[in-house]
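Only one structure is covered here, and it is reproduced in the block below.
The values are calculated or read from the model by the stated rules, or taken from the named source; none is laboratory data. What you see is a predicted model; the values in this text were computed from it and never measured. Cβ sites come from the backbone with ideal geometry, for glycine too, and all protein chains shown count toward neighbours.
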Amino acid sequence: MIKHMTKLTGWTASLVALAATASADVKINDYLSLTGYAAATGTYTDPDAGKNTSSLFNSGSPEYDVINAGLVGKYGDFGGKVSFLYTPTRANGNSGVLDLYATYTTGDFVVTAGNFLSWLGYESFYTPNMTQITYAPDIFFIPAYHTGVKVDYTASKTLTAGVAVVDSEFNTTAHGWAPYAQGDGHFDKFGTEAYVSYTGIDKLTLWAGFGYDQNQAGGGQTVLGDVWASYALSSTITLAAEVDYQEDLGSGYLTELQYAFSDKLSGIVRISGVHASSGETGSYFTVSPTYKLTSNFLVKAEVSYADAPEATIGTQGLLSGKGTIYAVQAVFTF
């Protein structure tokens, strides 16, 4: 992903630059701008056992069919963002506020307060920044949005770090319109998060993050860990790997080869997996090309094969159980 934008290299940097250019803010005036994207996806799932399923712009999932629009403000050392997310046909609430925070910059520090995205995770929450359509299964151990205060510190050109105090790492309660959109709202048993990123070695990015939640699912504390790295072998080839862990739930991994065929066509090969604390394991293989039609319009395709028991951790996306998923996605950014 990359959720936390650090210094990137090689093809990964090119892809993120493309996404950043494609979703460049639409300036309203010197202080306000609009930003956002829309994605529509068709999927066809062919399980080794059971009935085939499909969706066309009606998956109900924010990784497939979604509209995200935001208003960004900047005035001197102060800033902020409010964004709105809409997912068609999603059950139990399909729209609501996502980002809602204010920032203050002083020297090498940026202080943020409000509802914001977790730092953890290599793959992006935001569809235009994804190098493929589906998430690797280790996304189960990665938080999304929560509410609190965080501080980012730029120690040097190659070293950044941050710490946050939030209501929770995950939202597993009925609080909020969508579990990924905010925390559990209970600050009496808050969560914490921290990260450090280093880019001082040529072509290499190293990232490590930690999370702690005092009231995971209302059943006690949990500890999270996430480590990832990316290395640019050349201007067209980048390698990436991630390992993450959640106490009492399991661990996951991904390895990824990214290749740029041209300035318009790129692709990835990803191998990923999970190991549940119950002893169940799952492995996944993904191939996904991306084609840039215009500076604001991308088309992705994907074929992924999953080899895992149905009960492995959850049903994120459409990769639970054994079978193959085929998907095509169109992404428009502004």
The residue that is nearest to the chain's Cα centre (by Cα), considering only those in segment 36-63 that are buried (at least 18 other Cβ atoms within 10 Å of the Cβ), at pLDDT 90 or above and hydroxyl-bearing (S, T, Y), is Y37
Do any residues in segment 274-294 that are of a type in the set (D, E, K, R) have Cβ atoms under 9 Å from those of residues that are surrounded by 15 or more Cβ atoms within 10 Å (Cβ to Cβ) and not in a strand (DSSP E or B), where the two are at least six apart or on different chains, and which pairs are they? E280/A308; E280/T312; E280/I313; K292/L18; K292/A22
Consider F285 carefully, then state whether it is among the hydrophobic types (A, V, I, L, M, F, W, C), surrounded by 15 or more Cβ atoms within 10 Å (Cβ to Cβ) and more than 20 Å from S124 (Cβ to Cβ). yes
In segment 64-84, how many are surrounded by 14 or more Cβ atoms within 10 Å (Cβ to Cβ), more than 15 Å from V331 (Cα to Cα) and touching a residue at least 24 places away in the same chain (Cβ under 8 Å)? 8
Residue in segment 192-215 that is surrounded by the fewest Cβ atoms within 10 Å (Cβ to Cβ), counting only those that are under 17 Å from the mean Cα position of the chain (by Cα) and of a type in the set (F, W, Y): F210
Every residue from segment 204-224 that is in contact with a Phe, Trp or Tyr (Cβ under 6 Å, 6 or more places away or on another chain) and modelled with pLDDT of 95 or more: L204, L206, W207, G209
Given the residues F141, F125, which is the only one that is surrounded by 15 or more Cβ atoms within 10 Å (Cβ to Cβ), at pLDDT below 90, of a type outside the set (G, A, S) and within 16 Å of the chain's Cα centre (by Cα)? F141
Going residue by residue through segment 90-107, is there one that turns out to be modelled with pLDDT under 95 and either basic (K, R) or under 29 Å from F285 (Cβ atoms) (or both)? yes
Test of understanding: among A276, A260, A311, A330, which residue is surrounded by fewer than 16 Cβ atoms within 10 Å (Cβ to Cβ), of a type in the set (A, V, I, L, M) and either over 21 Å from T41 (Cβ atoms) or modelled with pLDDT under 85 (or both)? A311
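For segment 83-168, list the strands (runs of 3 or more DSSP E) that sit wholly inside it and hold at least 3 residues that are more than 29 Å from A241 (Cβ to Cβ); which are they?
95-106, 109-117, 145-154
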Look through S304, S320, S230, S266 and report the one residue that is more than 17 Å from the chain's Cα centre (by Cα), buried (at least 19 other Cβ atoms within 10 Å of the Cβ) and at pLDDT 95 or above. S266
